[in-house]
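K.L.:
This is the structure I have questions about; it appears just below.
Derivation of every value follows stated rules applied to the coordinates shown; laboratory data play no part. Quick caveat: nothing in here was measured; it's all calculated off a predicted structure. Note: ideal-geometry Cβ built from the backbone for every residue, glycine included; neighbour counts use all protein chains shown.
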Amino acid sequence: MFVSEISLWGAAIVACVVIVAMIALAAFDKQMLRRMLVIFGATVAQMAVVVAVVWVVYQTYAWWAYLLWFLLVLFLSICWCLFPLQSLWRKMLWPVSAAMLVGSIVVGGSTMLMLPISVFLSIYSVLMACMTASLMQTMMRYQHNQQKPEALREDMLHQVRNLAQPLVMVVPMLYAGMLLGGVPALKGLLVILLLIAASFVANILAGVIALGMIKKNKVMGGQDNPCNRCHI
């Protein structure tokens with residue numbers, strides 16, 4: 001088994017390194033250490049939920065189990081995208097949720113149709129992680145430049161540039177995994193190209209929906225907000 005192949009010496013060294021790092025961090029900044037422990041605890045809790053859902057999915061092979069995984073990944077993506085925008089989460093909640101929902105339907109639907117269900121879980125999750133990272137950078141850029149009147153076209157160009165960053169690292173690793181799994185090279189390349197196309201469409205739709213809803217709400221709020229008329 002895989003667990004029996006783990007080196008105890010290597011695990012002990014990693015544990016010692018972590019302890020030393022925590023001691024050094026405590027000496028440097030105790031508040032930062034507490035934040036790191038909270039983040040570590042949240043990560044462990046998230047991993048426990050993910051492992052539980054994955055176990056249920058592989059044990060049941062039922063449609064509701066795959067729907068549960070789809071909703072879990074969607075929920076985690078929305079939360080992760082909104083995490084750096086805590087000050088504006090109410091304003092960004094519906095646009096980001098709508099964008100991630102449409103994007104996840106495109107990515108999840110195309111992945112499910114192309115790949116076996118046993119491969120769907122991991123590939124869909126990886127593509128959703130790429131879309132989350134891309135949309136998160138776009139939202140952070142919007143928050144930073146929200147006082148500057150910018151065209152939707154410029155924001156979308158930035159969204160496309162953000163898309164390329166995670167895919168450059170992820171796609172070659174996916175292709176290498178397919179080759180190691182015994183997939184023929186040409187067939188694997190075709191699947192990768194189709195996944196890239198689906199990710200591109202999903203990211204563009206997500207960016208258009210999120211930025212369009214935000215800009216529309218901003219314009220409507222600026223026109224209809226009674227507080228704005230009180231200052232005139």
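K.L.:
Pop a pseudo-label 7 angstrom from the Cα along the beta-carbon direction at both LYS187 and ASP29 and give the gap in nm to one decimal.
P.N.:
5.1
K.L.:
A further question follows. Please find the FRET efficiency linking MET36 to ARG90, where r is the Cβ-Cβ separation and R0 is fixed at 25 Å, and quote it to the nearest 0.05.
P.N.:
Given R0 = 25 Å and the Cβ-Cβ separation, E is 0.35.
K.L.:
Separate question: For the peptides 60-72, 11-23, what is the packing order when you average, over each peptide's residues, the other Cβ atoms within 10 Å and list the highest mean first?
P.N.:
60-72, 11-23
K.L.:
Checking a compactness column here: for region 1-85, what do you get for Rg(Cα) / (2.2 N^0.38 Å), N being the number of residues?
P.N.:
Computed over Cα atoms of region 1-85, the ratio equals 1.50.
K.L.:
Per-residue counts of other Cβ atoms within 10 Å, averaged by peptide: what ranking do you get for 76-83, 24-31, 206-213, 173-180, highest first?
P.N.:
Final packing ranking: 206-213, 76-83, 173-180, 24-31.
K.L.:
Here is a follow-up. Spin-label point model (7 Å from Cα, Cβ direction): what's the VAL44 to GLN59 distance in nm?
P.N.:
About 2.3 nm separates the two model spin labels.
K.L.:
Also, I was wondering about something else. What is the packing order of peptides 93-104, 46-57, taking the mean over residues of other C-beta atoms within 10 Å and listing the highest first?
P.N.:
My ranking of the peptides, most packed first, is 93-104, 46-57.
K.L.:
Modelling each spin label as a point 7 Å along the Cα-to-Cβ direction, I'd like the ALA11/ARG141 distance in nm, to one decimal.
P.N.:
The answer from the label model is 4.4 nm.
K.L.:
When the label point is put 7 Å from the Cα of LEU179 along its Cα-to-beta-carbon vector, which residues of region 192-207 have a backbone N closer than 18 Å?
P.N.:
Hits in region 192-207 for LEU179 at 18 Å: 192-196.
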